[in-house]
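This report concerns only the one structure given below.
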Number of protein chains: 2
Amino acid sequence: MEEGTSKSASYSEGTEDPWDACQWDVREGCEVRQILDRIADKWSLLVVALLASRRMRFTELLREVDGVSQRMLTVTLRQLERDGLVERTVYPVVPPRVEYELSSLGVTLHSAVQSLVVWTETHQVEIASARAAYDRAQQALESDHGRADPASGAGARRTR
Amino acid sequence: MEEGTSKSASYSEGTEDPWDACQWDVREGCEVRQILDRIADKWSLLVVALLASRRMRFTELLREVDGVSQRMLTVTLRQLERDGLVERTVYPVVPPRVEYELSSLGVTLHSAVQSLVVWTETHQVEIASARAAYDRAQQALESDHGRADPASGAGARRTR
DNA sequence: CAGTATCCTGAACGATACTG
DNA sequence: CAGTATCGTTCAGGATACTG
(Lines give C-alpha, C1' and ligand atoms only; values in the text may rest on other atoms or scores of the structure.)
Protein backbone atom coordinates (compact mmCIF):
# COMPACT_ATOMS: atom_id res chain seq x y z
CA MET A 1 0.00 0.00 0.00
CA GLU A 2 2.19 2.78 -1.16
CA GLU A 3 -0.10 5.65 -1.71
CA GLY A 4 -3.24 5.23 0.29
CA THR A 5 -1.50 6.89 3.15
CA SER A 6 -1.51 10.64 3.19
CA LYS A 7 1.81 12.31 3.46
CA SER A 8 0.73 13.92 6.73
CA ALA A 9 2.99 16.88 6.72
CA SER A 10 3.65 17.47 10.35
CA TYR A 11 4.66 21.01 9.96
CA SER A 12 6.04 23.07 12.76
CA GLU A 13 4.03 26.17 13.38
CA GLY A 14 5.89 28.74 15.31
CA THR A 15 4.48 32.01 14.06
CA GLU A 16 1.95 33.56 16.37
CA ASP A 17 0.69 36.26 14.10
CA PRO A 18 -2.57 37.76 15.31
CA TRP A 19 -4.41 37.46 12.01
CA ASP A 20 -5.37 33.85 12.37
CA ALA A 21 -9.05 34.58 12.04
CA CYS A 22 -8.66 33.77 8.38
CA GLN A 23 -6.33 30.85 8.91
CA TRP A 24 -8.84 28.08 8.22
CA ASP A 25 -7.05 26.88 5.18
CA VAL A 26 -3.68 28.44 5.62
CA ARG A 27 -2.34 25.85 8.00
CA GLU A 28 -1.07 22.77 6.31
CA GLY A 29 -2.44 20.53 9.00
CA CYS A 30 -5.91 21.99 8.71
CA GLU A 31 -8.65 19.52 8.03
CA VAL A 32 -10.03 21.62 5.23
CA ARG A 33 -7.04 20.88 3.10
CA GLN A 34 -7.31 17.17 3.65
CA ILE A 35 -10.97 17.08 2.77
CA LEU A 36 -10.44 19.33 -0.18
CA ASP A 37 -7.65 17.16 -1.44
CA ARG A 38 -9.91 14.18 -1.14
CA ILE A 39 -12.96 15.54 -2.89
CA ALA A 40 -10.92 17.31 -5.51
CA ASP A 41 -8.75 14.46 -6.62
CA LYS A 42 -9.28 13.03 -10.02
CA TRP A 43 -11.96 10.47 -9.23
CA SER A 44 -13.50 10.91 -5.80
CA LEU A 45 -15.98 13.51 -6.85
CA LEU A 46 -17.13 11.43 -9.79
CA VAL A 47 -17.65 8.42 -7.61
CA VAL A 48 -19.54 10.40 -5.00
CA ALA A 49 -21.74 11.89 -7.69
CA LEU A 50 -22.56 8.47 -9.08
CA LEU A 51 -23.23 6.94 -5.70
CA ALA A 52 -25.43 9.88 -4.88
CA SER A 53 -27.91 8.57 -7.42
CA ARG A 54 -27.83 4.94 -6.35
CA ARG A 55 -25.74 2.25 -4.73
CA MET A 56 -23.49 0.45 -7.15
CA ARG A 57 -21.18 -2.50 -7.48
CA PHE A 58 -17.49 -2.27 -8.18
CA THR A 59 -17.72 -3.21 -11.81
CA GLU A 60 -20.61 -0.87 -12.39
CA LEU A 61 -18.53 2.00 -11.14
CA LEU A 62 -15.64 0.84 -13.25
CA ARG A 63 -17.86 1.07 -16.31
CA GLU A 64 -19.64 4.29 -15.43
CA VAL A 65 -16.71 6.37 -14.34
CA ASP A 66 -15.17 5.81 -17.73
CA GLY A 67 -11.49 6.37 -17.78
CA VAL A 68 -10.68 5.20 -14.30
CA SER A 69 -8.36 2.26 -13.93
CA GLN A 70 -9.20 -0.64 -11.69
CA ARG A 71 -6.42 0.34 -9.40
CA MET A 72 -7.47 3.94 -9.02
CA LEU A 73 -11.08 3.02 -8.46
CA THR A 74 -10.02 0.74 -5.65
CA VAL A 75 -7.78 3.36 -4.12
CA THR A 76 -10.45 6.02 -4.41
CA LEU A 77 -13.11 3.85 -2.86
CA ARG A 78 -10.82 2.87 0.00
CA GLN A 79 -10.10 6.49 0.77
CA LEU A 80 -13.75 7.43 0.69
CA GLU A 81 -14.55 4.47 2.85
CA ARG A 82 -11.85 5.33 5.32
CA ASP A 83 -13.21 8.83 5.62
CA GLY A 84 -16.66 7.44 6.31
CA LEU A 85 -18.10 8.89 3.13
CA VAL A 86 -19.07 5.64 1.46
CA GLU A 87 -20.03 2.30 2.88
CA ARG A 88 -18.89 -0.99 1.49
CA THR A 89 -21.05 -4.07 1.78
CA VAL A 90 -19.74 -7.51 0.97
CA TYR A 91 -22.22 -10.25 0.19
CA PRO A 92 -20.70 -13.65 0.89
CA VAL A 93 -21.85 -15.26 -2.33
CA VAL A 94 -19.96 -17.40 -4.75
CA PRO A 95 -19.10 -14.77 -7.27
CA PRO A 96 -18.18 -12.02 -4.86
CA ARG A 97 -20.68 -9.19 -4.72
CA VAL A 98 -19.63 -5.88 -3.24
CA GLU A 99 -21.80 -2.83 -3.19
CA TYR A 100 -20.91 0.74 -2.45
CA GLU A 101 -23.23 3.47 -1.30
CA LEU A 102 -22.93 6.93 0.12
CA SER A 103 -23.05 7.12 3.87
CA SER A 104 -25.20 9.81 5.42
CA LEU A 105 -22.03 11.78 5.86
CA GLY A 106 -21.29 11.33 2.19
CA VAL A 107 -24.70 12.64 1.31
CA THR A 108 -24.13 15.83 3.25
CA LEU A 109 -20.80 16.26 1.52
CA HIS A 110 -22.44 15.83 -1.81
CA SER A 111 -24.89 18.60 -1.05
CA ALA A 112 -22.11 20.85 0.17
CA VAL A 113 -20.28 20.33 -3.09
CA GLN A 114 -23.38 21.33 -4.99
CA SER A 115 -22.92 24.97 -4.09
CA LEU A 116 -19.58 24.88 -5.82
CA VAL A 117 -21.11 23.19 -8.81
CA VAL A 118 -23.77 25.84 -9.01
CA TRP A 119 -21.14 28.54 -8.71
CA THR A 120 -19.21 27.02 -11.57
CA GLU A 121 -22.22 26.71 -13.78
CA THR A 122 -23.21 30.26 -13.00
CA HIS A 123 -19.83 31.75 -13.75
CA GLN A 124 -18.35 29.53 -16.40
CA VAL A 125 -19.03 32.06 -19.10
CA GLU A 126 -17.26 34.78 -17.17
CA ILE A 127 -14.29 32.53 -16.62
CA ALA A 128 -14.16 31.52 -20.24
CA SER A 129 -14.15 35.12 -21.40
CA ALA A 130 -11.60 36.08 -18.76
CA ARG A 131 -9.35 33.38 -20.12
CA ALA A 132 -9.91 34.51 -23.66
CA ALA A 133 -9.09 38.08 -22.72
CA TYR A 134 -5.98 37.02 -20.88
CA ASP A 135 -4.76 34.90 -23.74
CA ARG A 136 -5.45 37.70 -26.16
CA ALA A 137 -3.41 40.08 -24.02
CA GLN A 138 -0.54 37.60 -23.88
CA GLN A 139 -0.70 37.24 -27.61
CA ALA A 140 -0.46 40.99 -27.96
CA LEU A 141 2.56 41.11 -25.67
CA GLU A 142 4.35 38.60 -27.79
CA SER A 143 3.90 40.76 -30.84
CA ASP A 144 5.01 43.75 -28.82
CA HIS A 145 8.07 42.16 -27.38
CA GLY A 146 10.60 44.51 -28.91
CA ARG A 147 8.58 47.67 -29.29
CA ALA A 148 8.01 50.69 -27.10
CA ASP A 149 4.83 50.70 -25.05
CA PRO A 150 2.53 53.47 -26.25
CA ALA A 151 0.42 53.30 -23.07
CA SER A 152 3.25 53.56 -20.57
CA GLY A 153 2.33 56.73 -18.77
CA ALA A 154 2.50 57.36 -15.07
CA GLY A 155 -0.37 55.36 -13.61
CA ALA A 156 -0.63 51.78 -12.48
CA ARG A 157 -1.14 49.18 -15.15
CA ARG A 158 -3.68 46.39 -14.98
CA THR A 159 -2.66 43.15 -16.54
CA ARG A 160 -5.89 42.35 -18.24
CA MET B 1 -29.71 9.31 0.25
CA GLU B 2 -32.08 8.01 -2.35
CA GLU B 3 -32.44 11.29 -4.08
CA GLY B 4 -29.23 12.85 -5.28
CA THR B 5 -30.78 15.15 -7.90
CA SER B 6 -28.29 17.89 -8.43
CA LYS B 7 -30.32 20.84 -9.55
CA SER B 8 -28.00 21.49 -12.46
CA ALA B 9 -28.89 25.07 -13.25
CA SER B 10 -29.91 25.40 -16.84
CA TYR B 11 -26.80 23.77 -18.27
CA SER B 12 -28.00 20.79 -20.18
CA GLU B 13 -26.97 19.81 -23.59
CA GLY B 14 -29.64 17.93 -25.37
CA THR B 15 -28.85 14.46 -24.20
CA GLU B 16 -31.67 11.96 -24.07
CA ASP B 17 -30.25 10.00 -21.23
CA PRO B 18 -32.78 10.28 -18.44
CA TRP B 19 -30.29 10.60 -15.63
CA ASP B 20 -28.06 13.24 -17.12
CA ALA B 21 -29.30 15.62 -14.52
CA CYS B 22 -26.60 14.11 -12.36
CA GLN B 23 -23.92 14.19 -15.01
CA TRP B 24 -22.47 17.54 -14.05
CA ASP B 25 -19.16 16.16 -13.06
CA VAL B 26 -19.18 12.85 -14.82
CA ARG B 27 -18.15 14.28 -18.13
CA GLU B 28 -14.45 14.80 -18.46
CA GLY B 29 -14.84 17.98 -20.41
CA CYS B 30 -17.15 19.54 -17.89
CA GLU B 31 -16.19 22.93 -16.59
CA VAL B 32 -16.74 21.87 -13.03
CA ARG B 33 -13.67 19.72 -13.13
CA GLN B 34 -11.50 22.53 -14.40
CA ILE B 35 -12.65 24.94 -11.76
CA LEU B 36 -12.41 22.31 -9.09
CA ASP B 37 -8.90 21.47 -10.13
CA ARG B 38 -8.02 25.11 -9.92
CA ILE B 39 -9.44 25.90 -6.53
CA ALA B 40 -8.34 22.61 -5.08
CA ASP B 41 -4.74 22.66 -6.10
CA LYS B 42 -2.14 23.05 -3.47
CA TRP B 43 -1.99 26.83 -3.25
CA SER B 44 -4.87 28.55 -5.03
CA LEU B 45 -7.26 28.28 -2.17
CA LEU B 46 -4.75 29.65 0.29
CA VAL B 47 -4.04 32.60 -1.93
CA VAL B 48 -7.70 33.32 -2.47
CA ALA B 49 -8.32 33.14 1.26
CA LEU B 50 -5.53 35.59 1.95
CA LEU B 51 -6.59 37.99 -0.75
CA ALA B 52 -10.11 37.82 0.54
CA SER B 53 -8.96 39.72 3.60
CA ARG B 54 -6.92 42.36 1.79
CA ARG B 55 -4.95 43.11 -1.32
CA MET B 56 -1.33 42.07 -1.08
CA ARG B 57 1.99 42.32 -2.80
CA PHE B 58 3.90 39.41 -4.23
CA THR B 59 6.42 39.20 -1.44
CA GLU B 60 3.75 39.50 1.20
CA LEU B 61 2.00 36.50 -0.22
CA LEU B 62 5.30 34.68 -0.42
CA ARG B 63 5.77 35.24 3.29
CA GLU B 64 2.22 34.61 4.39
CA VAL B 65 1.49 31.49 2.43
CA ASP B 66 4.44 29.90 4.11
CA GLY B 67 5.72 26.90 2.31
CA VAL B 68 5.05 28.05 -1.21
CA SER B 69 7.98 28.44 -3.51
CA GLN B 70 8.43 31.54 -5.56
CA ARG B 71 7.78 29.59 -8.68
CA MET B 72 4.54 28.07 -7.51
CA LEU B 73 3.25 31.37 -6.20
CA THR B 74 3.84 32.91 -9.59
CA VAL B 75 2.20 30.03 -11.38
CA THR B 76 -0.77 30.05 -9.02
CA LEU B 77 -1.28 33.78 -9.34
CA ARG B 78 -1.08 33.60 -13.12
CA GLN B 79 -3.72 30.91 -13.24
CA LEU B 80 -6.02 32.80 -10.93
CA GLU B 81 -5.46 35.91 -12.95
CA ARG B 82 -6.17 34.14 -16.18
CA ASP B 83 -9.43 32.84 -14.81
CA GLY B 84 -10.39 36.34 -13.79
CA LEU B 85 -10.37 35.53 -10.10
CA VAL B 86 -7.62 37.90 -9.06
CA GLU B 87 -6.47 41.18 -10.51
CA ARG B 88 -2.87 42.18 -10.85
CA THR B 89 -1.84 45.80 -10.66
CA VAL B 90 1.63 46.94 -11.59
CA TYR B 91 2.86 50.29 -10.31
CA PRO B 92 5.59 51.64 -12.55
CA VAL B 93 7.93 52.65 -9.76
CA VAL B 94 11.61 52.09 -9.41
CA PRO B 95 11.50 49.07 -7.19
CA PRO B 96 8.67 47.26 -8.93
CA ARG B 97 5.46 47.17 -6.96
CA VAL B 98 2.81 44.65 -7.90
CA GLU B 99 -0.39 44.15 -5.97
CA TYR B 100 -2.90 41.36 -6.17
CA GLU B 101 -6.51 41.49 -5.12
CA LEU B 102 -9.59 39.39 -5.56
CA SER B 103 -11.81 40.36 -8.43
CA SER B 104 -15.53 40.50 -7.80
CA LEU B 105 -15.69 37.06 -9.37
CA GLY B 106 -13.04 35.88 -6.99
CA VAL B 107 -15.06 37.17 -4.07
CA THR B 108 -18.08 35.16 -5.10
CA LEU B 109 -15.91 32.09 -5.44
CA HIS B 110 -14.56 32.62 -2.01
CA SER B 111 -18.04 32.70 -0.55
CA ALA B 112 -18.97 29.57 -2.45
CA VAL B 113 -15.99 27.81 -1.01
CA GLN B 114 -17.06 28.79 2.46
CA SER B 115 -19.86 26.27 2.45
CA LEU B 116 -17.32 23.55 1.97
CA VAL B 117 -15.20 24.96 4.74
CA VAL B 118 -18.20 24.99 7.02
CA TRP B 119 -19.01 21.43 6.07
CA THR B 120 -15.48 20.37 6.88
CA GLU B 121 -15.47 22.11 10.21
CA THR B 122 -18.83 20.62 11.04
CA HIS B 123 -17.87 17.09 10.19
CA GLN B 124 -14.18 16.86 10.89
CA VAL B 125 -14.76 14.96 14.09
CA GLU B 126 -16.90 12.39 12.30
CA ILE B 127 -14.25 11.97 9.65
CA ALA B 128 -11.50 11.63 12.19
CA SER B 129 -13.36 8.92 14.07
CA ALA B 130 -14.30 7.18 10.83
CA ARG B 131 -10.63 7.06 9.97
CA ALA B 132 -9.71 5.80 13.38
CA ALA B 133 -12.33 3.09 13.17
CA TYR B 134 -11.18 2.09 9.71
CA ASP B 135 -7.58 1.93 10.75
CA ARG B 136 -8.49 -0.07 13.82
CA ALA B 137 -10.39 -2.55 11.67
CA GLN B 138 -7.44 -2.86 9.33
CA GLN B 139 -5.18 -3.44 12.27
CA ALA B 140 -7.48 -6.19 13.47
CA LEU B 141 -7.45 -7.82 10.04
CA GLU B 142 -3.70 -7.92 10.05
CA SER B 143 -3.70 -9.79 13.34
CA ASP B 144 -6.38 -12.06 11.96
CA HIS B 145 -4.69 -12.78 8.70
CA GLY B 146 -4.35 -16.50 9.16
CA ARG B 147 -7.26 -17.29 11.42
CA ALA B 148 -10.86 -18.26 10.81
CA ASP B 149 -13.40 -15.49 10.93
CA PRO B 150 -15.76 -16.00 13.88
CA ALA B 151 -18.33 -13.60 12.44
CA SER B 152 -18.61 -15.17 9.00
CA GLY B 153 -22.22 -16.22 8.98
CA ALA B 154 -24.67 -15.84 6.14
CA GLY B 155 -25.39 -12.13 5.98
CA ALA B 156 -23.64 -9.31 4.22
CA ARG B 157 -20.61 -7.90 5.90
CA ARG B 158 -19.95 -4.23 6.36
CA THR B 159 -16.37 -3.15 6.15
CA ARG B 160 -16.36 -0.75 9.00
C1' DC C 1 10.95 43.66 -5.89
C1' DA C 2 8.97 40.55 -8.75
C1' DG C 3 9.60 37.76 -11.38
C1' DT C 4 11.72 33.94 -15.35
C1' DA C 5 14.57 29.85 -16.62
C1' DT C 6 16.36 25.36 -15.68
C1' DC C 7 17.04 21.17 -13.48
C1' DC C 8 15.51 17.41 -10.70
C1' DT C 9 12.88 14.37 -7.50
C1' DG C 10 9.12 11.80 -5.81
C1' DA C 11 4.33 11.00 -5.80
C1' DA C 12 0.39 9.95 -8.69
C1' DC C 13 -1.38 7.36 -12.05
C1' DG C 14 -1.96 3.79 -15.82
C1' DA C 15 -1.01 -0.82 -17.56
C1' DT C 16 -0.49 -5.35 -16.68
C1' DA C 17 -0.47 -9.70 -14.36
C1' DC C 18 -1.97 -12.49 -10.71
C1' DT C 19 -5.61 -14.29 -6.92
C1' DG C 20 -9.45 -15.72 -3.44
C1' DC D 1 -16.28 -10.50 -9.47
C1' DA D 2 -13.47 -7.76 -6.96
C1' DG D 3 -9.77 -7.01 -5.90
C1' DT D 4 -3.95 -6.95 -4.83
C1' DA D 5 0.94 -6.64 -6.43
C1' DT D 6 4.42 -4.84 -9.30
C1' DC D 7 6.42 -2.01 -12.70
C1' DG D 8 7.10 2.00 -15.69
C1' DT D 9 6.03 6.65 -16.91
C1' DT D 10 4.62 11.26 -16.43
C1' DC D 11 4.47 15.54 -14.35
C1' DA D 12 3.51 18.74 -10.49
C1' DG D 13 6.16 21.11 -7.74
C1' DG D 14 10.70 22.29 -4.98
C1' DA D 15 15.47 24.17 -5.25
C1' DT D 16 18.38 27.10 -7.32
C1' DA D 17 20.26 30.63 -10.24
C1' DC D 18 19.66 34.55 -13.06
C1' DT D 19 17.26 39.35 -14.58
C1' DG D 20 14.65 43.93 -15.70
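Against the criterion of being within 15 Å of B:E99 (Cβ to Cβ) and modelled with pLDDT under 95, B:S6 does not qualify.
Restricting attention to the range B:125-139, does a residue exist that is of a type in the set (K, R) and closer than 20 Å to A:Q34 by Cβ?
Pass one, the range B:125-139, residues of a type in the set (K, R): B:131, B:136.
Then keep just the ones that are closer than 20 Å to A:Q34 by Cβ; that gives B:131, B:136.
Within the range B:125-139, one or more residues are of a type in the set (K, R) and closer than 20 Å to A:Q34 by Cβ.
Against the condition within 9 Å of DNA strand C (Cβ to nearest atom), more than 27 Å from A:S129 (Cβ to Cβ) and assigned to a helix (DSSP H, G or I), how does B:L62 come out, does it pass?
Numbers: within 9 Å of DNA strand C (Cβ to nearest atom): yes; more than 27 Å from A:S129 (Cβ to Cβ): yes; assigned to a helix (DSSP H, G or I): yes.
So B:L62 fits the description; yes.
Looking at the range A:62-79, can you tell me whether even one residue there is facing another protein chain (nearest Cβ under 8 Å), of a type in the set (K, R) and free of Cβ contacts under 8 Å to residues at least 60 places away in the same chain? No; the residues of the range A:62-79 include none that is facing another protein chain (nearest Cβ under 8 Å), of a type in the set (K, R) and free of Cβ contacts under 8 Å to residues at least 60 places away in the same chain.
Checking A:M72 against (1) within 23 Å of B:D37 (Cα to Cα); (2) out of contact with any Phe, Trp or Tyr (no Cβ under 9 Å at 6 or more places or on another chain), which test does it fail? (2) is the only condition that A:M72 fails. Taken over the range A:89-121, the criterion of being open to solvent by less than 80 Å² (accessible area, probe 1.4 Å) and of a type in the set (S, T, Y) is satisfied by A:T89, A:Y91, A:Y100, A:S103, A:T108, A:S111, A:S115, A:T120. Just checking, does the range A:14-25 include any residue being more than 9 Å from chain B (Cβ to nearest Cβ), under 22 Å from B:S129 (Cβ atoms) and at pLDDT below 95? No, the range A:14-25 contains no residue that is more than 9 Å from chain B (Cβ to nearest Cβ), under 22 Å from B:S129 (Cβ atoms) and at pLDDT below 95. With respect to the conditions (1) at pLDDT 85 or above; (2) more than 8 Å from every other protein chain (Cβ to nearest Cβ), B:Y134 falls short on a single one, namely (2). Reported count of residues in the range A:85-107, each being among the β-branched types (V, I, T) and more than 7 Å from chain B (Cβ to nearest Cβ), is 4. Determine whether the range A:97-114 contains at least one residue that is under 30 Å from B:R88 (Cβ atoms), in a helix (DSSP H, G or I) and away from DNA strand C (no atom under 16 Å from the Cβ). There is at least one residue in the range A:97-114 that is under 30 Å from B:R88 (Cβ atoms), in a helix (DSSP H, G or I) and away from DNA strand C (no atom under 16 Å from the Cβ).
Within the range A:83-91, can one find any residue that is closer than 24 Å to B:R158 by Cα, within 17 Å of the chain's Cα centre (by Cα), assigned to a helix (DSSP H, G or I) and away from DNA strand C (no atom under 13 Å from the Cβ)? Among the residues of the range A:83-91, not one is closer than 24 Å to B:R158 by Cα, within 17 Å of the chain's Cα centre (by Cα), assigned to a helix (DSSP H, G or I) and away from DNA strand C (no atom under 13 Å from the Cβ), which makes the answer no.
Does B:A148 meet the test of being at pLDDT below 85 and either in a loop (DSSP other than H, G, I, E, B) or surrounded by fewer than 15 Cβ atoms within 10 Å (Cβ to Cβ) (or both)? Answer is yes for this residue.
The values are calculated or read from the model by the stated rules, or taken from the named source; none is laboratory data. Note that the structure is predicted; figures quoted are calculated from it, not measured. Note that we place each Cβ from the backbone using ideal geometry, even for glycine, and neighbour counts take in every protein chain shown. Please note that ligands, DNA and RNA were not included when accessible areas were found on the heavy atoms of the full protein model with its side chains. Shrake-Rupley method; radii C 1.70, N 1.55, O 1.52, S 1.80 Å.
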